[in-house]
Amino acid sequence: MIVLGIETSCDETATALVGDDRRIIVERVLSQIAEHRPFGGVVPEIAARSHLDHLDRLIAETMAEAGIGFSDLAGVAATGGPGLIGGVIVGVMTAKAIAAVHRLPFLAINHLEGHALTARLTDDVAFPYLLLLVSGGHCQLLVVEGVGRYRRLGTTLDDAAGEAFDKTAKLLDLGYPGGPAIEAWAARGDGRRFELPRPMQGRPGLDFSFSGLKTAVRHLVEMLPKLDDQSRADIAAAFQARVAESLADRTLRALRRCREESVPLTALVVAGGVAANGALRRALGAVAAEAGLPLVAPPPRLCTDNAAMIAWAGIERLRLGLRDGFDFAPRPRWPLDPAAALAGEKRLR
Ligand code: KG4
Ligand code: ZN
């Protein structure tokens, strides 16, 4: 069983063919970073046009490289949300068209479900597991109980982890995207030179917050007589350390909560673009060891946005006999745990 996956929810146009034997047959990722860089962030209109310009060609190349035709597919899966709606529409319409013409099942995949299930593609992890999902738009702790069954334990009260990296990189003038830039600069810095606050340190609950840390970086930058390269590296190192500590602290609490509730976790899984960060991986390794669980961290190229995770989520759903109708409408918002999202919105109001 081979599924074609399509990902267009942000600034990567991606396609992949994945088999139900967990084999990634072909994978293509076209980054739009260069197109968005002059603006310091993703411009939705540019993203949508760029997906439209490249997606058909990418799909043709992907099929040609695998040497198969559309009739050899078991289904076509596209990100149906959440994300920038223009891009999501491009991917969903393309997938529907291929599915309709070749009479294939169409699957609208929740992008977050793609990240959440990647560990089962790379490492065959059994349910249930604790997932720390850290990307540019999301920062959540979820118990992954099964396909389509997610229980949210905590989320961010303000910025997502990746957003915090991106905004801090902007403050330090390190370029875009911020996460990889901060990690590279931090490697040359001394994280002990500047004191930055530890977000949510010792606070009860499982939620995250990064805006205080970001503000502290801004004040620090304003107070420095000159922002030279060594200061940039030192601030980047301190910032990255505080973020990793905060994510690890909340994750450890979540693992303890699961133990109190006798959830039979098989692993701690980290996913999303920020999961590519080495300092975070090390901090989470220690947390997992303390809880006596393996840490499953997919390779960085499968942590950031890609289409293999979308194809894989499609396979997981097809196996359960699930598919979507052609009346599926792309969704700019699409929480994995709608009950928790609703409760959170009420709490914040
Ligand atoms: O999952 P992703 O590719 O896209 C979203 O769905 O958001 O995540 C992108 C985010 C960006 O904020 C980027 O700065 C961050 O992941 N990121 C990193 C690293 N690589 C990417 N953050 C920290 N360290 C990295 N090495
Ligand atoms: Zn993502």
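With Cα atoms as the point set, the radius of gyration and Dmax of the chain evaluate to 20.2, 65 Å. Heavy-atom accessible surface of the range 127-298, averaged per residue, reaches 41 Å², computed with a 1.4 Å probe.
Summary of packing: across the peptides 328-336, 157-165, the per-residue average of other C-beta atoms within 10 Å ranks them, highest first, as 157-165, 328-336. Taking all protein chains as shown and a probe of 1.4 angstrom, Ser262 keeps an accessible surface of around 90 Å². Peptides 58-65, 103-110 ranked from most to least packed give 103-110, 58-65, packing being the mean of other C-beta atoms within 10 angstrom over each peptide's residues.
Average accessible surface for the range 29-100: 44 Å² per residue, computed with a 1.4 Å probe over protein heavy atoms with every protein chain in place. Looking at the chain, what % of its DSSP beta bridges pair antiparallel, to the nearest 5? So the antiparallel bridges amount to about 60 percent of the total. Extending 7 Å from Cα along the Cβ direction at Arg37 and again at Glu290 yields two label points whose distance is 3.9 nm.
Based on alpha carbons, the Rg and Dmax found for the range 127-298 are 16.1, 53 Å.
Projected label points at Asp327 and Val263, each 7 Å from Cα along the beta carbon direction, are separated by 3.5 nanometres. Which one, Thr251, Thr266, Thr155, has the greatest fluctuation when you compute a Gaussian network model over the chain with C-alpha springs under 10 angstrom? Per the Cα network of the chain with a 10 Å cutoff, Thr266 tops the list. With both bridge residues required to lie in the range 127-298, what share of the DSSP beta bridges run antiparallel, to the nearest 5%? If I count the DSSP bridges inside the range 127-298, around 65 percent turn out antiparallel. Rounded to the nearest whole angstrom, the semi-axes of the ellipsoid equivalent to the range 30-150, taken from the Cα gyration tensor as √(5λ), stand at 25, 23, 13, largest first. Taking 0.36 nm per residue of sequence separation and removing the Cα-Cα distance, the Glu65/Val101 pair yields an extension gain of 10.8 nm. Sequence-ordered 3J(HN,Hα) estimates for the range 253-261 from the Karplus curve with 6.51, -1.76 and 1.60 and θ = phi - 60° stand at 4, 5, 5, 5, 4, 4, 5, 4, 8 Hz, glycine and proline given as x. The gain in end-to-end length when the Ala187 to Arg319 segment is fully stretched comes to 43.2 nm, 0.36 nm per residue minus the alpha carbon separation.
Peptides 89-101, 286-298 ranked from most to least packed by the mean count of surrounding Cβ atoms within 10 Å: 89-101, 286-298. Backbone amide hydrogens, once placed in the peptide plane, bring Gly148 within less than 5 Å of nothing, excluding anything fewer than 5 places away on its chain. Taking amide H as placed 1.01 Å from N in the peptide plane, the amide H of Gly154 sits under 5 Å from that of Leu141, each at least 5 places away or on another chain. The GNM of the chain, with springs linking C-alpha atoms under 10 angstrom apart, assigns the highest mean-square fluctuation among His219, His102, His111 to His219. Heavy-atom surface analysis with a 1.4 Å probe gives the chain a carbon and sulfur content of 53 percent of its accessible area. Listed values for the range 87-98 are Karplus-derived 3J(HN,Hα) couplings in whole Hz (6.51 cos²θ - 1.76 cosθ + 1.60, θ = phi - 60°), namely x, 4, 4, 4, x, 5, 5, 5, 5, 4, 4, 4, and x replaces Gly and Pro. Shown in residue order for the range 330-338 are the 3J(HN,Hα) couplings computed by the Karplus curve 6.51 cos²θ - 1.76 cosθ + 1.60 at θ = phi - 60°: x, 10, x, 10, 6, x, 6, 10, x Hz (x for Gly and Pro). The long axis of helix 111-122 is offset from the longest Cα principal axis of the chain by roughly 80 degrees.
The values are calculated or read from the model by the stated rules, or taken from the named source; none is laboratory data. All values derive from a computational prediction rather than experimental measurement. Cβ sites come from the backbone with ideal geometry, for glycine too, and all protein chains shown count toward neighbours. Accessible surface is based on the protein model in full, side chains and every heavy atom, while ligands, DNA and RNA are left aside. Shrake-Rupley method; radii C 1.70, N 1.55, O 1.52, S 1.80 Å.
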